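Q: Questions regarding the structure given below will be posed in turn.
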Amino acid sequence: MPTPPHQSTLDLATRLKVHAHRCTVLTRRAISPSLVEIVLHGHAADLVGAPGNDVMVHVDDATDTPTRRRFSVRSVDEVADTFTLWISTTHEGPGARWARTAAPGDTVDIVGPRGKIPVDAVADWHLFVGDVSSLGAFYRMADSIEVPGRAIFIVETDDPADALTAPFDEGLGVTAIFVDRAGRAHDDATGLLSGLAAFTLPTDEGHAYLFGEFHVMRAVKTTLLDRGLRAEQISLKAFYRVGQANGANGEPSKDL
Ligand SMILES: Cc1cc2nc3c(=O)[nH]c(=O)nc-3n(C[C@H](O)[C@H](O)[C@H](O)COP(=O)(O)OP(=O)(O)OC[C@H]3O[C@@H](n4cnc5c(N)ncnc54)[C@H](O)[C@@H]3O)c2cc1C
């Protein structure tokens, strides 16, 4: 019999009205200088939700107080009962540490699915703006766009070799602008704003998905509003916030 998740994990899932399972690490590998890919086995259909959704991972077993971090689902293989996470390891934190050290055969408590930002089914084009931590979410969301559709990625990388591409359906129009961070701080919006300035927004109806650092995503949203997008065309999710660890809900503080 597989071991059930910790009681606190089961309680959290009950409160959130989602699932809790103990999954097994199948593989872990570095896929770029900043990104680690972890493939988890078990209960995939219960946990992965829709494109754009994430899971809460119990990343630290060392203390009685569970530390959980949220990571987007990059892809799912329902036949193999596996799902894949892409995790940024550019910084120090329990989530990054788990991603660096998880080994095949390790078990980990997962709560999911989480997340409320779906792919806009009627948008003519989809603009994804973020950094390496958002690539997994962006590529799964773009995988679900009906062709012919358009996906535009403006992504800041910590290392030029983080500019990972993905094989999308033939018929999906893809534009990708990777901006090298070039040593700028993670709360400096200059790079993404210059990437955005290099791109002319299409004139038909689109939707922008902004996933990344708290201050940077706010600056990007302001710029997009200034450039004529309506608020309802923009979905923003702060993934982390410079100088602060994420909270017990796996999210950065929203205090101004
Ligand atoms: C809905 C959702 C989905 C997410 N999906 C993903 C995903 O698919 N892949 C992914 O990599 N991340 C994802 N994140 C972000 C991830 O949960 C946070 O980066 C989290 O802070 C990592 O936990 P940690 O324990 O490593 O760092 P924490 O303990 O939270 O923070 C420690 C320090 O590191 C800094 N820090 C945290 N994350 C980053 C970062 N990415 N880059 C630079 N500095 C950082 C903090 O500012 C803090 O100073 C997601 C977040 C949310 C809310």
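The values are calculated or read from the model by the stated rules, or taken from the named source; none is laboratory data. Because the structure is predicted, anything quoted here is derived from the model rather than measured. Cβ atoms come from the backbone with ideal geometry, glycine included; neighbour counts cover every protein chain shown.
Q: Run down L196, L201 and say which single residue is modelled with pLDDT under 95, more than 16 Å from the ligand (Cβ to nearest atom) and either more than 16 Å from Y240 (Cβ to Cβ) or not in a strand (DSSP E or B) (or both).
A: On the way: L196 fails: modelled with pLDDT under 95.
None of the others qualify; the one that does is L201.
Q: Please name all residue pairs, on different chains or six or more residues apart, with Cβ atoms under 8 Å, provided the first residue is in the stretch 181-202 and is outside the structural domain of A151 (by TED's automatic domain parsing) and the second residue is surrounded by 13 or more Cβ atoms within 10 Å (Cβ to Cβ) and of a type in the set (A, V, I, L, M, F, W, C).
A: Close Cβ pairs (under 8 Å, with a partner that is surrounded by 13 or more Cβ atoms within 10 Å (Cβ to Cβ) and of a type in the set (A, V, I, L, M, F, W, C)) do not exist here.
Q: Assess whether T157 counts as being more than 14 Å from the ligand (Cβ to nearest atom) and either loosely packed, with under 12 Cβ neighbours inside 10 Å or among the β-branched types (V, I, T) (or both).
A: no
Q: Restricting to the stretch 170-192, and then to whatever is in a strand (DSSP E or B) and either at pLDDT below 95 or small (G, A, S) (or both), can you tell me which residue is farthest from I154 (Cα to Cα)?
A: G173
Q: For the stretch 144-165, give me each residue that is within 13 Å of S32 (Cβ to Cβ) and either modelled with pLDDT under 95 or assigned to a strand (DSSP E or B) (or both).
A: Within the stretch 144-165, V155, T157, T165 qualify.
Q: I want to confirm something. Restricting to the stretch 51-67 and keeping residues that are of a type in the set (A, V, I, L, M, F, W, C) and within 11 Å of the ligand (Cβ to nearest atom), which single residue is surrounded by the fewest Cβ atoms within 10 Å (Cβ to Cβ)?
A: V59
Q: Given the conditions (1) more than 26 Å from A182 (Cα to Cα); (2) touching a residue at least 40 places away in the same chain (Cβ under 8 Å); (3) of a type in the set (K, R), report the number of the one that R100 does not fulfil.
A: (1)
Q: Another question about this same structure. Inspect the stretch 35-50 for any residue being among the β-branched types (V, I, T), buried (at least 16 other Cβ atoms within 10 Å of the Cβ) and without any contact (Cβ under 8 Å) to a residue 60 or more places away in the chain and give the result as yes or no.
A: Within the stretch 35-50, one or more residues are among the β-branched types (V, I, T), buried (at least 16 other Cβ atoms within 10 Å of the Cβ) and without any contact (Cβ under 8 Å) to a residue 60 or more places away in the chain.
Q: For the stretch 1-120, list the helices (runs of 4 or more DSSP H) that sit wholly inside it and hold at least 1 residues that are under 19 Å from the mean Cα position of the chain (by Cα) and at pLDDT 95 or above; which are they?
A: Result: 44-47, 94-101.
Q: Taking into account only those residues within the stretch 230-251 that are in a strand (DSSP E or B) and not aromatic (F, W, Y), which is farthest from the ligand (Cβ to nearest atom)?
A: Of everything passing the filter in the stretch 230-251, I234 is farthest from the ligand (Cβ to nearest atom).
Q: Give the residue that is nearest to the ligand (Cβ to nearest atom), with candidates limited to residues of the stretch 68-88 that are crowded, with 18+ Cβ neighbours inside 10 Å and more than 23 Å from A142 (Cβ to Cβ).
A: Applying the filter and picking the extreme gives R69.
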